[in-house]
Amino acid sequence: MAKNSSGKVNEEDDQKLLETIKKEIQSYYSTFGPNISEYHRAQAFVMDEDQQWAQEEKDYYEKHKRPRLSVNRLYLMIKQIVGAQRMATRNIQVRMIEGSPGSDLEDEVIEKRIELIENIVRTIAYNSNTDVVYQTGFKCSLFGIGAWKIRRDWADHMSFDQVAKIELSNDPTKHYYDLNGVEPLKQDGDFCGWSIQMHKTPFMQQYNISEDEIEAMLSQNNVADQATFVWATPAGNNEQEDMLTICHHFRKEYYTKTIACLSNNIEKISCDLDKVNDTLKTLNNKISMKNMAPNAQQTPPFVKIKERETKTYKIMEYIVCGTKIIKRQEWPSKYLPSPCIIGDSYIDKKGMEYVIPFTKMAEDAQKALNIATTNLADVLTRFRGERFKATPASIPKDAMDMWQNPWSYEGTFLYNATAELPQGPVPLLPSDVPQGLFVSIQTFGEMVNQLIGRSDTIQGEQGNEDSGVAIDARSRQSNETTFLNFDQLDRAIEYTGKVILDLIPKIYDTQRMMNVIGRDGKSKQVTVNNPQDPASMITEGRYEITIESGPSFILQQQEMAKKLMDLVQVDPQLMSIYGDVVVRNMDVNDAQELAKRAEIILDPRVLAMTGKKLPPMPTQPPSPQQQQAQLAMQEMQMKIQQSQQETQIKQQELQLKQVETEIKKAELQLKQQQMQLEALEGQQKNQLEAGKIQQQHVETMADILNTRVKARAEILKQAEANHAPLYQPKESKKGAKK
């Protein structure tokens, strides 16, 4: 019941709240009802082969006593797609938001705290058996709608510690959402919820309600009408008698509050106005501790600089049955606790959303495949027995069944010899099965594959692809048809991680010991919220989460072991380096024990790096067989050593010959160089001698010229002395003649 300011129950407000909850639930089912019907129809079509036949078709085959077969390829494909989802895992990654409390810590402390939070999220997922939860939600989404629940509960019936849980939902049509939400998961809506069935007896024990109160709750106007919920099963149904429907309704309730802005001229922080003093005290204490450090740069303290009003909300959880709010409590998260996983849908021109089941487009091809297979079975049934040509007179009355069902009798067949059939009934040749039936079965089967987007190669059948590249391309093409469904699943898992991340500091808010699971799948015990260990303070800071899809940790181990073994096949000596790692990652029984034994073959240097020591081998006297084997081994080793020595000697002789050859080559090159040098010196000498001869010739010519000059000079002197020129130029002679 709602309470007024004086603390008294306000029944009028409670009734208004119940009416509001009723309208919210009815708004979903009245609008989304066709999609719920389509979900049930598509699921029944795939999971129940009888639903793949119309009623008149079933009546026809039953009336004529003909076989009716269903070759349900769609069911096989759903299993394969769900199996592909099961083979993948979602790796959790947590990051601290910059500027949040605690972001100024050392990087090592932040990394340890983030690792601790990731391990807590992983532990919650493990304890909630999310492999089954996510697989069921994904499978349901292939038919149109999927969902699961996020709840909080006590760790056990004797504990005061709460834990977060992710719960399975086998029937997503029991979940409802605010269709005004535009996000894919409807997480931006204002309400969501789900209904569960509970027997009256545990209901009264859990909620401390008497049977008279239950009768009063169900006799008045219900929160939801009969089209939405069946609050109490009608009398006469022995299996479901006294079953009640309980509704868990979550809704956002908006209110106005005042927030304050704190600043120290370096950074700004906002908080609620009523928490300003506590926040200032905490922040300024940290600043004082930093300022006291030697040579520390002085940081000014925080002060309140302004305030304003803002609109926010809290999420309230109401547990309702009939006309009574049984329990109400605040949901400690800002996120609604149930994602709506819609595989595929479209919006019509009126704004209505209609879901499209993954198998819808292939349903007609599946029906045609069933009919073709049934026709083939019918033909084979009619042609299965031997047929005879006979007359009424040729078969005795007491032997009629023998000739009609010959496969049921052995021995002699009785007959009457007649003029038309003196040898009795004549066997007829069997009729051929029409080949078109086989072609139609193959055609419709391929049509189902094409419409669903799954090739035969992906299903394990032999395709036309010759190379690995072509096969991978076909596989990628087939996987692309399911990307939308896988993306929706990843969004839902990431949203679930955000809810869990938001719940952790509010549920795990005290110091406690708890077991967490690491990335390697191993469990260890840790202490959270220890004031002496900043890395364990998971109530501080703001974080965000992302999900990465990939192979599971086990598959990664197996893949690594396979790659290492491939390297060992190339170089067997690698087993002495990482043989224990190969064995430890194999998917075999007692892998850890085998890995310890494999350490015997490791190189001592590898053992020294890992800090391990090779255990001493026990000494035992060798047996005669061992002695013979040792002698044979020693003899073989001596032969090997002798052969190696001979090989080394031959290699040395060959090397010596190579050296001698190189020396001879060097001597020959030296002689050639000397000859070239001598030839060059001869040329230089010849050139020098020729220069000397030429110089002597020049000197001789100069002497001759000088002699002539001197002789002419003497003649001139004598001519001057005698006054009779002995020589005149030619021009003078010409002038004389003129």
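A short reminder: the numbers here are calculations on the coordinates, not readings from a lab. Computed from a predicted model, the values in this text were never measured in an experiment. Neighbour counts run over all protein chains shown; Cβ positions are idealised from the backbone, glycine included.
If R0 is 56 Å, the Cβ-Cβ spacing of residue 645 and residue 533 corresponds to a FRET efficiency of close to 0.25.
Modelled spin labels at residue 282 and residue 298, positioned 7 Å past Cα toward Cβ, are 2.7 nm from each other. Kindly list the residues of the stretch 305-331 that lie in the label zone of residue 15, defined by a backbone N under 12 Å from the point 7 Å along the Cα-to-C-beta vector. Taking a point 7 Å out along Cα→Cβ of residue 15, no residue of the stretch 305-331 has its backbone N under 12 Å. Based on the Kirkwood approach, the hydrodynamic radius assigned to the stretch 16-78 is 14.8 Å, with every pair of different Cα atoms included. Ignoring lysines fewer than eight residues from residue 639 along the same chain, the ones with Cα atoms less than 18 angstrom from its Cα are 650.
Annotation for the stretch 268-323 versus the stretch 646-693: alpha-carbon center distance of 93 Å. Among 198, 633, the order by Cβ neighbours within 10 angstrom, fewest to most, reads 633, 198. A straight Cα-to-Cα reach below 26 Å connects residue 65 with the lysines 367, 389, residues fewer than 8 places away in its own chain not being considered.
Full extension of the chain between residue 520 and residue 275 gives 84.1 nm of extra length, using 0.36 nm per residue less the Cα-Cα distance. Please give the net charge around residue 301, taking every other residue with its beta carbon less than 14 angstrom from that of residue 301, where Lys and Arg add +1 and Asp and Glu add -1. Here the count lands on +4. Taking other C-beta atoms within 10 angstrom as a stand-in for reagent exposure, 96, 701, 586, 560 fall in the order 701, 560, 586, 96, fewest first.
Label-to-label distance for residue 346 and residue 167 is 3.7 nm, based on points extended 7 Å past Cα in the beta-carbon direction.
Potential lengthening of the chain between residue 510 and residue 690 amounts to 53.3 nm, from the contour at 0.36 nm per residue minus the alpha-carbon distance.
Taking label points 7 Å from Cα along the Cα-to-Cβ direction, residue 353 and residue 79 give a separation of 3.2 nm. Subtracting the Cα-Cα distance of residue 55 and residue 442 from 0.36 nm times their residue separation leaves 136.7 nm of extension gain. Each of 136, 31 has some number of other Cβ atoms within 10 Å of its Cβ, and from fewest to most they run 31, 136. Please give the FRET efficiency for residue 666 paired with residue 559, using the beta carbon to beta carbon distance and R0 = 56 Å, rounded to the nearest 0.05. Efficiency at R0 = 56 Å is approximately 0.40.
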